[in-house]
């Protein structure tokens, strides 16, 4: 994530930016194929980004998590 909250993927070996997205969000989960982000920490729209390109695959409403966060 950038200082403005936009999603960005870095190459850990080179330190170079692989891609950046205009989607402002908090990371939720990632696998080799996709990055799941949410517009706010515990609620808001879910967005799935392609891990290779940063392109948005889909968005869906999310009404939040029940209970408190584990972090």
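Readers should treat all values here as calculations from the given coordinates under stated rules, not as data from a laboratory. It should be emphasised that the depicted structure is a prediction, and the values quoted were computed from it without experimental measurement. Neighbour counts are summed over all protein chains in view; Cβ atoms, including those assigned to glycine, are modelled from backbone coordinates with ideal geometry.
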**Report entry** Efficiency of FRET from Cβ geometry, residue 33 and residue 4, R₀ 30 Å, rounded to 0.05
**Finding:** 0.75
Report summary line: Cα-based Rg/(2.2 N^0.38 Å) for region 6-60, rounded to two decimals, is 1.08
Query raised in the report: How much length is gained on full extension from residue 60 to residue 12, taking 0.36 nm per residue of separation minus their Cα-Cα distance?
Result: 14.3 nm
